[in-house]
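Participant: One structure, as structure tokens, below. Some questions next.
The values are calculated or read from the model by the stated rules, or taken from the named source; none is laboratory data. Values in this document were obtained by computation on a predicted structure and should not be read as measured data. For neighbour counting, all protein chains shown are included, and Cβ atoms are generated from backbone atoms with ideal geometry for every residue, glycine included. Keep in mind that these areas ignore ligands, DNA and RNA; they rest on the heavy atoms of the full protein, side chains included. Shrake-Rupley method; radii C 1.70, N 1.55, O 1.52, S 1.80 Å.
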Amino acid sequence: MPSGPGERSVRPRVDRHLFVVFGATGDLMRRKLLPALYEVARTVAPDRGPVFHLLGCARARLDDSRFRRQAASAIVRAGLATPAEATAWVAARVEYHALGDGGPDDYRRLRTRIEAIEGEHGLPGNRVFYLALPAGAVPAAVDSVGDAGLAEGPGWTRLVVEKPFGTDLASAERLNRCLHRHFPERAIYRIDHYLGKETVQNLIVFRFANMLFESVWSRDRISHVEITVAEQLGVEDRARYYDGAGALRDMVQSHLTQLLSLTAMEVPSSLDADAVRNEKVKALQAVETLGPDGLVRGQYGAGRLGGKTVRGYREEEGIRRDSSTETYVALRLYLNNWRWQGVPFFLRTGKRLPEKRTEIVVHFRRPPVWFFPGPSPREISANTLTVTLQPREGFELAFEIKRPGHAIELETHRLHFLYSEAFGPLADAYQTLLVDLLRGDPTLFVRADEVEEAWRIYGPVLRRPPRLRRYAAGTWGPTDARRLPAELGHQWSSD
Ligand code: BG6
């Protein structure tokens, strides 16, 4: 992997560049990007001087000093620096450019400004264009950057796009066509922040560096796989976006499908970015298109969570009172390939569930013959491997042992590994991805064909009006979701 713990302990080398952010006065910049850039600047090794200069762009008519004050306070609020440290940091590298209406002249002026900053600071012409914009504003911004002749610079140029990448296959294809009109695929970095999580990257090491697991990783030994991304949070302050998207688009098509492809992919020929992504795409190509029988959608109503009463989805601020947007999805998928034929993958995600938990549970088959006294094999727990991605990153292997004593009595026990015990706190996913972006390693970014293949799986169910089940906040989702594993004699690990 590009950023294994070993490599991260040495300071990654990064070329000096200009980091241009569109949407620089927005929430993403304040909450995530600025704090992550502040940390990244400390962890990468510049040749000399600041490794990047930061040019914030947005419509607002701010001057440099007002933008710098905003930027400094975002860094202070993130608890990363004192006001004096943050002020000095931004003074050394942050500037602002008001984009006005974003017409061709505005972008020509932007180009002149970029060249002036590069000249002033002796930057070699390497550029990142980071689109921290609402999805609807992305195509116009990409066209404007391209038409202003900024898609190719004197050094390298990289374009960063945040999810959502379209709302269905057709819109994702349109977006990809727009990006490719101006940028080659190798210059495009699509961010799915789940790929920056240490434990998600570790799935590749765990599977392919351990003969023990890889040798049992197939339909011969595995009965079914569960992938759960449970959140306690509700819709928070993103009502407008979320009510138009829903859990299937917001979480399943991106994060859960990434976890699915990393769990199911074949061994790549190397750790090269395209070798890894080729295998992920091949896994997705094997996934059967989802039909309505394999899907349950739900929406939370009021309930008790964390000792408090919380409102139902339709009572949340900014949500339509008759909204039919799902806040919960459970689904059953199959992969049509030699490794996974017949093995169901159960995926679920929801807001306002009892706890925040992201995990992959691999359920192994039960022994074919049972000669122990006591319960029959259908009643004992089968071996499971639980990979916990958050909050307690690590894994746990459950197995049967004999209880000490004269009788043969079985009991389930667990071996566990916790990242926090071995390594302390883990790096933020955003920082990991930013370092890889600055190093020019696209392995942990989503390729155009991955996005399209993921939309293909969910196409037919996205076109149907959702049949919504209600669930109370603080529960594990609609009871109907039990049907998906139950029809095959299984059940969700937590319910
Ligand atoms: C985002 C979704 O991509 O991921 C949010 O848009 C969701 O709705 C978030 O809350 C979850 O991320 P994490 O890292 O907290 O699991």
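Participant: Given the C-alpha centroids of segment 50-67 and segment 343-371, what is the distance between them in whole angstrom?
Facilitator: 47 Å
Participant: Which loop-located GluC sites (Glu not before Pro) does segment 252-352 contain, where loop means any DSSP state but H, G, I, E or B and the Cβ has at most 14 other Cβ atoms within 10 Å? Let's see the in-between values first.
Facilitator: Numbers: sites: Glu266, Glu279, Glu288, Glu315, Glu316, Glu317, Glu326; in loops: Glu266, Glu288, Glu316, Glu317, Glu326.
The qualifying sites are Glu288, Glu317.
Participant: Let me ask you something else. Along the charge dipole of segment 89-144, Cβ charges K/R +1 and D/E -1, which of Ser144, Gly122, Pro134 sits furthest on the positive end?
Facilitator: Value: Gly122.
Participant: If a/c stays under 1.5 just call it rounded; otherwise compare a/b with b/c (prolate if a/b is bigger, oblate if not). Do that for segment 410-495, with a ≥ b ≥ c from the square roots of the Cα gyration tensor eigenvalues.
Facilitator: Details: a/c = 2.31, a/b = 1.19, b/c = 1.94.
Here segment 410-495 falls in the oblate category.
Participant: Oh, and also: Which order do Lys280, Lys402, Lys32 take by accessible area at a 1.4 Å probe, largest first?
Facilitator: On the way: Lys280 5, Lys402 95, Lys32 70 Å².
Descending accessible area places them as Lys402, Lys32, Lys280.
Participant: On to the next question. How far is helix 83-93 tilted off the main Cα axis of the chain, in degrees rounded to 10, range 0 to 90?
Facilitator: Tilt relative to the chain: about 70 degrees.
Participant: Separate question: Segment 133-165 to segment 447-495: how many Å between their Cα centroids?
Facilitator: 33 Å
Participant: Then there is this: For the pair Val369 and Trp156, what calculated FRET efficiency results from E = 1/(1 + (r/R0)^6), where r is the Cβ-Cβ distance and R0 = 60 Å, to the nearest 0.05?
Facilitator: Rounded to the nearest 0.05, the efficiency is 0.50.
Participant: Let me ask something else. Enter the accessible area of Asp192 (Å², nearest 10), with the probe set to 1.4 Å and all protein chains included.
Facilitator: Per-residue accessible area (Asp192): approximately 0 Å².
Participant: With label points built 7 Å along Cα→Cβ from the Cα atoms of His416 and Lys356, find their separation and express it in nm.
Facilitator: In this crude spin-label approximation the distance works out to 1.8 nm.
Participant: Right, something else. Which three extents, in whole angstrom, do the alpha-carbon atoms of the chain cover along their principal axes, largest first?
Facilitator: Extents along the principal axes: 81, 52, 43 Å.
Participant: Roughly how much of Arg320 is accessible, in Å² to the nearest 10, using a 1.4 Å probe?
Facilitator: Ignoring ligands and nucleic acids, Arg320 comes out at about 120 Å².
Participant: At a Förster distance of 22 Å, what's the computed FRET efficiency of Arg470 paired with Lys308, Cβ-Cβ distance as r, to 0.05? Before the final figure, lay out each step's value.
Facilitator: Details: r = 20 Å, r/R0 = 0.89.
Once the sixth-power term is evaluated, E becomes 0.65.
Participant: A further question on this structure: What nm value, rounded to one decimal, do you get for the distance between Thr43 and Asp220 when each label is placed 7 Å out toward the C-beta?
Facilitator: Label-label distance for Thr43 and Asp220, simple model: 3.9 nm.
Participant: Right, something else. Rg (Å, one decimal) plus Dmax (Å, integer) for the alpha carbons of segment 231-355?
Facilitator: Just the Cα atoms of segment 231-355 yield Rg and Dmax of 17.4, 52 Å.
Participant: On to the next question. Any chance you could check the Cα centroid distance between segment 398-414 and segment 258-304 for me, in angstrom?
Facilitator: 36 Å
Participant: So how do 478-484, 54-60 stack up, highest first, on mean other-Cβ count within 10 Å?
Facilitator: Details: 478-484: 18.1, 54-60: 22.4.
Sorting 478-484, 54-60 by mean packing, highest first, produces 54-60, 478-484.
Participant: Here's something else I'd like to know. Sketch the reach of a paramagnetic label on Leu488 as a point 7 Å from Cα along Cα-to-Cβ, and name the residues of segment 258-288 whose backbone nitrogen lies under 14 Å away.
Facilitator: 264, 287-288
Participant: How large a share of the accessible area of the chain, in percent, is made up of carbon and sulfur atoms when the probe is 1.4 Å and the other protein chains stay in place? Working shown, then result.
Facilitator: Values: 11260 of 21930 Å².
That fraction is 51 percent.
Participant: So how strong a dipole does segment 216-326 carry about its Cα centre when Lys and Arg Cβ are +1 and Asp and Glu Cβ are -1, to the nearest 20 debye?
Facilitator: Values: 15 positive and 18 negative charges, 56 e Å.
Its charge dipole is roughly 260 debye.
Participant: Quick check: with the 1.4 Å probe, what order do His413, His53, His121 take by accessible area, largest first?
Facilitator: Working: His413 80, His53 5, His121 55 Å².
My answer, sorted largest first, is His413, His121, His53.
Participant: Give, rounded to the nearest 20 debye, the magnitude of the charge dipole that the chain has about its Cα centre when Lys and Arg contribute +1 at Cβ and Asp and Glu contribute -1 at Cβ. Can you show the working numbers first?
Facilitator: Working: 69 positive and 62 negative charges, 183 e Å.
The dipole magnitude comes to about 880 debye.
Participant: Using helices alone, I'd like the mean residue ellipticity at 222 nm for the chain: each DSSP H run of four-plus residues gives -39500 (n - 2.57), total over residue count, nearest 500. Kindly include the intermediate steps, with their values, before the conclusion.
Facilitator: Values: 16 runs with 163 residues, N = 495.
Value at 222 nm, helices only: -9500 deg cm²/dmol.
Participant: Might you tell me the accessible area per residue for segment 225-308, computed with a 1.4 Å probe and given in Å²? It would help to have the intermediate numbers written out before the result.
Facilitator: Working: 2970 Å² over 84 residues.
Ligands and nucleic acids excluded, the result is 35 Å² per residue.
Participant: Need one value: the accessible area of Leu34 in square angstrom, 1.4 angstrom probe, rounded to the nearest 10.
Facilitator: For Leu34, the solvent-accessible surface is approximately 0 Å².
Participant: Principal axis extents for segment 368-410, Cα atoms only, whole Å, descending order, please.
Facilitator: Reported extents, whole Å, longest axis first: 39, 24, 13.
Participant: Next question, about the same structure. What is the gain in length, in nm to one decimal, between His406 and Asp237 on full extension, counting 0.36 nm per residue of separation less the C-alpha to C-alpha distance? Kindly include the intermediate steps, with their values, before the conclusion.
Facilitator: Values: separation 169, 0.36 × 169 = 60.84 nm, distance 6.06 nm.
Value of the extension gain: 54.8 nm.
Participant: Nothing charged except the Cβ atoms of Lys and Arg (+1) and of Asp and Glu (-1): what's the magnitude of the dipole of segment 256-394 about its Cα centre? Round to the nearest 20 debye. Could the numbers behind the result be given before it?
Facilitator: On the way: 21 positive and 15 negative charges, 102 e Å.
The dipole magnitude comes to about 500 debye.
Participant: Also: Given Phe345, Gly306, Phe371, which one lies farthest toward the positive end of the charge dipole of segment 268-379, if we put +1 on the Cβ of every Lys and Arg and -1 on the Cβ of every Asp and Glu?
Facilitator: So the residue furthest toward the plus end is Gly306.
Participant: With angles folded into 0 to 90 degrees, how steeply does helix 138-147 sit against the dominant principal axis of the chain? Use alpha carbons for both and round to 10.
Facilitator: 40 degrees
Participant: Would you mind working out the accessible area per residue for segment 332-374, using a 1.4 Å probe, and quoting it in Å²?
Facilitator: On the way: 1980 Å² over 43 residues.
Ligands and nucleic acids excluded, the result is 46 Å² per residue.
Participant: Using a 7 Å offset from the Cα along the Cα-to-Cβ direction at both Thr167 and Asp143, what is the distance between the two label points in nm, to one decimal?
Facilitator: Result for the modelled spin labels: 1.8 nm.
Participant: Rounded to whole Hz and in sequence order, give me ³J(HN,Hα) for segment 208-214 from the Karplus expression 6.51 cos²θ - 1.76 cosθ + 1.60, θ = phi - 60°, writing x for Gly and Pro.
Facilitator: With the stated coefficients, segment 208-214 comes to 9, 9, 10, 4, 3, 7, 4 Hz.
Participant: OK, next. To the nearest 10 degrees, how steeply does helix 448-463 sit against the main Cα axis of the chain, on a 0 to 90 scale?
Facilitator: 60 degrees
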